[in-house]
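The values are calculated or read from the model by the stated rules, or taken from the named source; none is laboratory data. Predicted model, so just to flag it, every value in this text is computed and none were measured. All Cβ positions, even for glycine, are placed from backbone atoms using ideal geometry, and neighbour counts span all protein chains on display.
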Amino acid sequence: MTEMNAPLKPLTQLPAWSKLAAHYGAIKDIQLRQLFADAPERTAHFSAEGAGLFLDYSKHRITEETIRLLIRLAGEAGLQDRIDAMFRGERINLTEDRAVLHVALRTQRGESILVDGENVVPMVHAVLDRLASFAEQVRNGTWNGHTGKRIRNVVNIGIGGSDLGPVMAYEALRHYSSRDMTFRFVSNVDGTDFAEATRDLDPAETLFIVSSKTFTTLETMTNARTARAWLVQNLGDDGAVTRHFVAVSTNAAEVAKFGIDTANMFGFWDWVGGRYSMASAIGLSTMIAIGPDNFRAMLAGFRAMDEHFRTTPFERNLPVLMGLLTVWYANFFGAQTVAVLPYDLYLKRFPAYLQQLTMESNGKGVTLSGTDVDYQTGPIFWGEPGTNGQHSFYQLIHQGTRLIPCDFIGFCRALNPVGSHHDILMANLFAQSEALAFGKTADEVRKEGTPEWLVPHRTFPGNYPSSTILADQLTPEILGALVALYEHSVFTQGVIWQIDSFDQWGVELGKVLAQRIIGELCSEEEPPLGHDSSTNALIMRYRNKRDAEM
Ligand code: F6P
């Protein structure tokens, strides 16, 4: 066992944990109004900056003692050792016996990170160079379709990390994308996804990128086969596959078996987790959309945050602070969820992206040593862009019965300056965090002349915590930094909770059962069913209705 794997004391037996529990008891009713009245300069204490992101965490129910104890907890949990172990390429994904090196995807040429004695940085850059050359060929029309027509449409076929990163990044960086090309993302095995994505596309102008780490994922392979049939049927030639299909995968054998020439495959490695893969070859669609230079700028943003995380003292370390605050609310206040509220429509898929990143990573109930946890782990992440969410679910955050810490994300300069839209947008962001923190007392409501019976309804309790992340503008660099911020926050949480943030065994059972039921639904003879009575009855009803005359 390496030092990193030396058994830790259980989390709840760490001295800082007991101190935090006692501290929570002392300050749980503390009011943000009071904290700000006592220290008007509070934001100067509770803010930090790094990689182009400014984090204001002053509107949290914390004191300097809270941060001191949380950082002590991080120390007792061995956070710095674990960070160093990740960057050294140690196999910190214990249950899969793998290194965790998405940070290597963002290194500069000439750096060195060893996995099993081999420096992986040159491999990373060799793939990046091939990706850049291919992306340029598609963008400038050197890579044409089978009939000689220029490629105008790119369809990424993938799911989970092989979809959410690409689609989120495409939407986020659409401002920088080639507007004479169409980008579509097919993930769902629901035939509607493929049908709608391709209905108005000319096959002769369409390139499919089949993105799958394993190249065995049911949804992706089903969609890829459908895409191949659609292409071959429309172009009337099996040979068309060569110019219209490329693969992104770690599994060359399966790529070849599918019929894609491995010369048209872009690789990555088992030490890149699916949900951590958007900076790898999985980003091919992003690179074609925004061009290699912008893609490299995004990598530089990731790298800046990686370096910030690796080297900045915890007191000023953005991902560490955000991760510890998540622990504070999840474990001491019993908060069940975190709302992520980007005030930028380009970030509309960011909450969905974060759901896989956070919940597939930290949705774990056993520790690294295999014992059940006796505390809460990963909260539910969710959200929508502002201001739309304000007219939908914010009511519950303001006046409901739950404590929902919020992350507001905003930019000082608009990418589409239209009149005063951006000021209005940002005014709303600032107003929401202010309203959540300070609310409106019954007396304030009364003073407005509100009849007494209506006062309770119009009172805002306030004292709801939020972080605000501000950046100058949504650029490729900033997107990289933002994603890395959450990646490392998730890492921090996982280290505190002593779980493996890099496996995902919980998705396996459903896959196995689905395979069995596929056999029962798709075979001619309809085999007898051996499930529980509910599942049997549902399958029988489905079969009968499906096969009935309409
Ligand atoms: O089933 C979950 C999962 O394994 C994710 O972790 C992953 O991102 C996704 O499926 C897709 O996997 P692949 O890239 O191998 O198709």
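Summed over the stretch 220-249, residues that are within 16 Å of the ligand (Cβ to nearest atom) and surrounded by fewer than 20 Cβ atoms within 10 Å (Cβ to Cβ) total 4.
In the stretch 36-84, the qualifying residues are those that are among the β-branched types (V, I, T) and more than 24 Å from the chain's Cα centre (by Cα), and the one that is surrounded by the fewest Cβ atoms within 10 Å (Cβ to Cβ) is T43.
Residues in the stretch 355-397 that are closer than 28 Å to P10 by Cα, in contact with a strand residue (DSSP E or B) (Cβ under 7 Å, 6 or more places away or on another chain) and hydrophobic (A, V, I, L, M, F, W, C): M359, V366, V373, I380, F381. The residues on offer are G141, G148, and the sole one that is without any contact (Cβ under 8 Å) to a residue 24 or more places away in the chain, loosely packed, with under 15 Cβ neighbours inside 10 Å and in contact with a helix residue (DSSP H, G or I) (Cβ under 9 Å, 6 or more places away or on another chain) is G148.
Conditions (1) among the small types (G, A, S); (2) in a helix (DSSP H, G or I); (3) within 34 Å of the chain's Cα centre (by Cα), marked per residue:
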| position | (1), (2), (3) |
| --- | --- |
| L482 | no, yes, yes |
| E487 | no, yes, yes |
| F491 | no, yes, yes |
| G510 | yes, yes, yes |
| E520 | no, yes, no |
| E524 | no, no, no |
| H531 | no, no, no |
| N536 | no, yes, no |
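Annotation for the stretch 182-190: at least one member residue is touching a Phe, Trp or Tyr at 6+ places or on another chain (Cβ under 6 Å), within 13 Å of the ligand (Cβ to nearest atom) and under 28 Å from D238 (Cα atoms). Yes or no: the stretch 159-174 includes at least one residue that is over 20 Å from G301 (Cα atoms), more than 16 Å from the ligand (Cβ to nearest atom), not in a loop (DSSP other than H, G, I, E, B) and not polar (S, T, N, Q). For the stretch 159-174, residues over 20 Å from G301 (Cα atoms), more than 16 Å from the ligand (Cβ to nearest atom), not in a loop (DSSP other than H, G, I, E, B) and not polar (S, T, N, Q): absent. Restricting G365, G323 to residues that are more than 16 Å from the ligand (Cβ to nearest atom), under 23 Å from L94 (Cβ atoms), surrounded by 22 or more Cβ atoms within 10 Å (Cβ to Cβ) and of a type in the set (G, A, S) narrows the list to G323. Any idea which of D97, D180 is charged (D, E, K, R), at pLDDT 95 or above and closer than 30 Å to V366 by Cα? Answer to the selection: D97. Across the stretch 459-480, the number of residues qualifying as assigned to a loop (DSSP other than H, G, I, E, B), in contact (Cβ under 8 Å) with a residue 60 or more places away in the chain and not hydrophobic (A, V, I, L, M, F, W, C) comes to 8. Counted as qualifying within the stretch 368-458 are the helices (runs of 4 or more DSSP H) with 2 or more residues that are out of contact with any Lys or Arg (no Cβ under 8 Å at 6 or more places or on another chain), of a type in the set (S, T, N, Q) and in contact (Cβ under 8 Å) with a residue 40 or more places away in the chain, namely 421-438.
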